[in-house]
Structures are given as structure tokens and as C-alpha cells.
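Notes to accompany the following structure.
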Amino acid sequence: MKTYRIAVIGLGQRIAHVLAAMVEVGWTLEVAGYVDPAPVGAPILEEHGIAAGRPYPDPAALFADGPYDLVMIGSPNHLHLEHLKAAFAAGYPIFAEKPIVRTEAETFELARLMAAAWAPPLYIGLVMRSMPIVRAVIARVDSGELGEIISIDATEHLPPEHGGYLARNWRRKQEWGGSYLLDKVCHDFDIFGRIAGARPAKVASFGGRRIFTAERTGVPKTYEDGSAAYALRDAGWAGANDSFQSDMDVTDHQVAIVEYANAVRLSFHANSHVALQERRWYVAGAEGTLLADLVRNRLMVRRALDRRKPERMDFHERTDDNHNGADQAMAWDLLASLSEGATFPVTPYDSMEAGLTVMAIDRAMEAGQVVDCAPMWSAFDAARNGAISAIAR
Ligand SMILES: NC(=O)c1ccc[n+]([C@@H]2O[C@H](COP(=O)([O-])OP(=O)(O)OC[C@H]3O[C@@H](n4cnc5c(N)ncnc54)[C@H](O)[C@@H]3O)[C@@H](O)[C@H]2O)c1
């Protein structure tokens, strides 16, 4: 089997876990080199017996030692565009983490770049697309058994350790992460758009920071069993020490409503500090209903006029990272795309649409107004067609 020669930009926890999953599913690979001032993922690679390769000071030096079979980008979100541009110029296939870029302007710039010149194959780590349960959700919707999709209700609620980590890690700052929803749930909004089968027409949202704030003095820092709370791993690059005393400027809870162009309506609720963890999609069609529990990896479906027990599917695999086997499934998809030219489950344009959807939601929250998404989609389509529109500049 071919040994894939891999270059990494941003050797953080995520890329280390993806590399470990790639090896687990049978890739033969060599990490030839990486660019990262302080690679947070190095110990994870070591645990999995993968050598990190040679450090390089910048992407130009890394690419000068090519060729590579794959460039993997796992830097903080504000660096994605810069790193994508460098990798485009080098011309090797790219796997880049989500969100593909961080702002509307960056999205339009990327779309224009891809319209203007040949770009190498670009695979985005919207890993939920590869999950067996998510594939089943999409297949059920596509089969028509739910009838026309009418409305969707969804949640993503994180346990305190996860929320506390987000409040200390670089994701706490808009300038690095974008927003809480952009970094955490662009996955979900990618799938919602796919289920709805249309782009959002109008969005509204409310949210803020009422959990991880300095005003909440006296919050206990231990669990009932005496173990330390808000202490999940080192916060890494540009990290802060204390979840409650950091300079966080993203929300820690947020709700949103979306009306898609085809009248599918969606409500979404996210909270980063709950005692009952949940990631749940409730899809109501005119003829049937589907409930996906992404934490327990279970799916339930029933036709509206069926009084028998609902059909229940248990996807069994549950892992501590809550990815429930998704990383391994994505590693397969990536290998199939590179080695056999198979279609990867998500395109860069899907990733840009998911990102823009969340960015419009955040804009609505900031303005305290319903946002009409039409101008944003016109600007996006113009950029995809290579035009420079007023909003995109
Ligand atoms: N698909 C998923 O489920 C998933 C899960 C987690 C993270 N992510 C994404 O992966 C990316 C990385 O997240 P993470 O959790 O691994 O963060 P991390 O903090 O663990 O890793 C980021 C790495 O980037 C490095 N870095 C900082 N500046 C750099 C620069 N100028 N050049 C090169 N490297 C630089 C840091 O030193 C660090 O090692 C983000 O885009 C995040 O949204 C995706």
C-alpha cells in the first residue's frame, strides 16, 4: 500500500486525533513535517505512536520540501484562509478543519479565489457528514418517508468541562474563533441545510454570556465527589487560566430561529454548561417524524399515521470524544477520495454555506433584528461566479 506523505499546518489536538483515526483505519502514512509554534497535538501523536516529523518555521519552508500527498490544516480559525491560500499555491490535496473560514468577507474572498483559478482538491472536516447515524438521517429524509419537511427543532448542550474549556481556549475570542456557534455548531447547520434542502431566508437569534463571567463569584470549582471542575486539559495556544476570569467575548448560550427559503422552519438552542448533555435533532415531516440523539447515537422514526412502536436504530459506537466513530468514518472517506476519487461527503461550498448561515445568525443576534439573508447569498453567488459585489468587498 502507498505511504501517504503528509504535511501539517497547525498540529493541534484535532489534527492529532484525525491522524490517529487515519492510522487506526489502515492508512499507511508519514507525517513528513509541520508548521506550528507550539504543537498542542504532539503528545497525542506520541500516544498513538505517530512521529510528528520535522518542524518548519512557516508554510513556504514546509512546501519547499514537498511533494506531499496531503496537506492538513488544523490551525485556529482566523488562520484558515491564510493557510488555505498557501496550500492552494503549493497545489497538493488539502484536508482543512471546519469552519472553513471565520468571516463573511473571508468566505467571499475564498469563493472568488476558487472561481479565479484551479484549486487542488479540498476536503473539509465537517466530520458529522461521515457519521453513520447522520448518513441514516439524510437517507431517511431523501427517501421521502417523512414527507415534506415542515419544521426542525435542535439542540447542542455541553457539559461544564467542555464549556469551561471553550472559555479558556482561543475559541473564547471572536478574533480567533469567530463565534461560539460558528466553531461549535457549523456541523449541525451544515446538516440542517441539507435536510431542509434550501438556504436560510431569514434568521433571528438571542444569546449572550451569563455563565462564564467574572460577576459570578463564588462558583464552586469542585464536583460533588471532590474532583476539580473546569480543569479539562491545558487550554493550549493563547489559552487563559480561568474559565470565569478570561477575556472571553463570544456567547456561552444562544438560541436561534431560521426560516428556509422553502418555508422549512427551525429552532435551535445551545448552552455550554448543562448537567444533562444533549445533541438532538427533531425533524418533523408532513408524513413522519425523526428523532436523532447524537450523544447516545440513536435514531427513532415513525410515520405520522402509525400507532405501532417507533422504529429504533442503535448505532452502538459511543466514544468519549462524542464523535462516536465519526473520525474513523471520515478517515475512510478521505482515503477513498484520495485513492479512488470517491466523492467526499461534503464540498467546500457546503462548508461555506454552513458558515455563512451561522454568521448571519450571529449578525442577527448582534443587531437584535431579523436578518434577511438574500443579500448575503447574492454576494456569495457573485463571488462563486468570480464577480466582486459591493457587500463582498
Ligand atoms: N471537526 C471537528 O469535530 C473539530 C473538533 C475540534 C476542532 N476542530 C477544528 O480544528 C481546528 C483546530 O482546533 P484544535 O481543537 O485542534 O485547537 P488546538 O488549540 O488544539 O490546536 C491549534 C494549533 O494551532 C497552532 N497554531 C497557532 N498559531 C499557528 C500558526 N501561525 N501556524 C501554525 N499553527 C499555529 C497552535 O499552536 C495549536 O497547536 C479549529 O479550526 C477547530 O475548529 C474541529
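Derivation of every value follows stated rules applied to the coordinates shown; laboratory data play no part. In this text the structure is predicted, and so the values were computed from the model without any measurement. Please note: Cβ atoms are built from the backbone with ideal geometry, for glycine as well, and neighbour counts cover all protein chains shown.
Charge dipole (Cα centre; +1 on Lys/Arg Cβ, -1 on Asp/Glu Cβ; no other charges) of the stretch 85-134 amounts to roughly 80 debye. With the simple model of a label 7 Å out from the Cα in the direction of the Cβ, ALA139 to ALA231 spans 4.5 nm. Among ASP183, ASP293, ASP242, sorting on how many other beta-carbon atoms sit within 10 Å of each Cβ, with the fewest leading, yields ASP242, ASP293, ASP183. Here the spin labels are modelled as points 7 Å beyond Cα on the Cα-Cβ line, and at ASN262 and TYR223 they lie 4.4 nm apart. The charge dipole of the stretch 4-128, taken about the Cα centre with unit charges on the Cβ atoms of Lys, Arg (+1) and Asp, Glu (-1), comes to about 200 debye, rounded to the nearest 20. Across the stretch 117-161, the residues whose backbone nitrogen lies under 16 Å from the label position 7 Å along the beta-carbon direction of HIS269 are 152-159. Toward the positive end of the charge dipole of the chain, with +1 on the Cβ of Lys and Arg and -1 on the Cβ of Asp and Glu, the farthest Cα among GLY368, GLY125, GLY144 is that of GLY144.
Farthest toward the positive end of the dipole of the stretch 4-128, out of GLN13, LEU62, ILE44, is the Cα of LEU62, where the dipole comes from beta carbon charges about the Cα centre. When DSSP beta bridges are restricted to pairs lying wholly in the chain, around 60% turn out antiparallel.
Rounded to the nearest 20, the Cβ-based charge dipole of the chain about its Cα centre (Lys and Arg +1, Asp and Glu -1) stands at 700 debye.
Projecting label points 7 angstrom from Cα along Cα→Cβ for ALA387 and ALA117 puts them 2.4 nm apart. Sort ASP188, ASP69 so the one with the fewest other Cβ atoms within 10 Å of its own Cβ comes first. Ascending Cβ contact count within 10 Å gives the list ASP69, ASP188. Going from the fewest other Cβ atoms within 10 Å to the most, the residues MET313, MET1, MET248 appear in the order MET1, MET313, MET248.
For the chain, the equivalent ellipsoid derived from the Cα gyration tensor has semi-axes of 31, 26, 24 Å, listed largest first. May I ask you to derive the relative contact order of the stretch 4-128, considering only C-alpha pairs under 8 Å and at least 6 residues apart, and to give it as an integer percent? Taking the mean separation of contacting Cα pairs over the length of the stretch 4-128, I get 25 percent. Counting only Cα atoms, I'd like the Rg/Rh figure for the stretch 4-128, Kirkwood definition for Rh. With Rg and the Kirkwood Rh in hand, the quotient comes to 0.95. Taking the stretch 247-286 and a reference point 7 angstrom along Cα→Cβ of GLU366, the backbone N atoms nearer than 15 Å belong to 249-251.
Each stretch of four or more DSSP H residues adds -39500 (n - 2.57); spread over every residue of the chain, this sum gives -10500 deg cm²/dmol at 222 nm.
May I ask for the distance between the Cα centers of the stretch 77-136 and the stretch 253-297, given as a whole number of Å? Value for the Cα centre distance between the two parts: 26 Å. Contact order, relative form, for the chain: 21 percent (alpha carbon pairs under 8 Å, 6 or more residues apart, mean separation divided by residue count). The Cα atoms of the stretch 82-233 give a gyration tensor whose axes a ≥ b ≥ c have a/c of 1.5 or more with a/b no greater than b/c, which makes the shape oblate. Farthest toward the positive end of the dipole of the chain, out of ALA105, VAL71, ALA154, is the Cα of ALA154, where the dipole comes from beta carbon charges about the Cα centre. Straight-line cross-link reach from LYS85 at under 30 Å between alpha-carbon atoms covers these lysines, not counting any fewer than eight positions away in the same chain: LYS2, LYS98, LYS173, LYS184. Within the chain, the selection of entire DSSP H helices by a Cα span of 27 Å or greater along the long axis and an average Kyte-Doolittle value of at least -1.0 returns 348-367.
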